Amino acid sequence: MNAGFKRLVTFCTLGTPVLLAGLGTPVAAQGNPDFNWSVTPYLWATDTTVDLSFRDTNIGSGNVSFGDLVDALDAAFMIHAEGGDGHWSGFVDLTYLDTSKTNTRQALTIDSESEQIFLDVAAAWWPRGFGDNLNLYGGARYTSFSDSFRFRAGEQVLGEQNQDSDYADFLVGVRYRFDLSQRWTLLTQADTSFGESEGTWLARANIGYSVGKRRQNRILFGYQFKQAEFEDDDLTTDFTYKGAMAGFNFRF
């Protein structure tokens, strides 16, 4: 139970933001025989809901808005990179978040710090060639949480607690691109992961607008929904993330 209460304190004081899995953008023009790359910095403005259960009994829940996350954010780095040729490509998607916040409750002050890493590494297979509309992918999803708390009465430190946890999962998914016109596309993606976590589910849709002299780059905006569940002994934490997302896809 101690780990569970620390996890709930983390959520209530910092929020538990997750901005992960990239924008899932096909990266090459159809029919291009050369090795191609794409890099996509992006942002996912999530509203996050958490439910905490002990032996199937709910013991806490809450919600953190994107505005709350921005107030607590110290550093963030979100990027998706992919390269491929022929019928294959590989991608890496990395999100790093560093947050901190101070909460004062009557005579008690809680200084909280949290560091989160979300990493996807996968290979994608394109049945009709790299850069076509459909691809299937599989790989690994790694999630890491590092939380620390300092409890104070005024300037006097009453105690400190630290919690580190990480989860490695198998990842499988599918991406499909609908070409709406010469410049406009609809990019869709769905995946699931399973292993050390209790499972994650993700669904995403982005509208892309091609820009540049050769229309090789895209402005992206859309929406993403994700559920993730983690278990620690008798404690289960269920996260729901949803919100708008935006990014810029450089292709070369």
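The sole residue among Gln189, Gln224 that is modelled with pLDDT of 95 or more, in a strand (DSSP E or B), closer than 17 Å to Leu43 by Cα and within 14 Å of the chain's Cα centre (by Cα) is Gln189. When the residues of region 82-131 are filtered to those that are open to solvent by 10 Å² or more (accessible area, probe 1.4 Å) and charged (D, E, K, R), the one that is nearest to Val39 (Cα to Cα) is Asp85.
If you go through region 181-208 and keep only what is crowded, with 17+ Cβ neighbours inside 10 Å, of a type in the set (A, V, I, L, M, F, W, C) and either closer than 22 Å to Glu231 by Cα or without any contact (Cβ under 8 Å) to a residue 12 or more places away in the chain (or both), you end up with just Leu202.
Condition check: open to solvent by 70 Å² or more (accessible area, probe 1.4 Å), in a strand (DSSP E or B) and of a type in the set (Lys, Arg). Does Arg177 satisfy that? Spelling it out, it is not the case that Arg177 is open to solvent by 70 Å² or more (accessible area, probe 1.4 Å), in a strand (DSSP E or B) and of a type in the set (Lys, Arg).
The values are calculated or read from the model by the stated rules, or taken from the named source; none is laboratory data. What you see is a predicted model; the values in this text were computed from it and never measured. Methodologically, a virtual Cβ is constructed for each residue, glycine included, from the backbone with ideal geometry; neighbour enumeration extends over all protein chains shown. Each accessible area value is taken on the protein alone, full model and side chains, heavy atoms only, with ligands, DNA and RNA left out. Shrake-Rupley method; radii C 1.70, N 1.55, O 1.52, S 1.80 Å.
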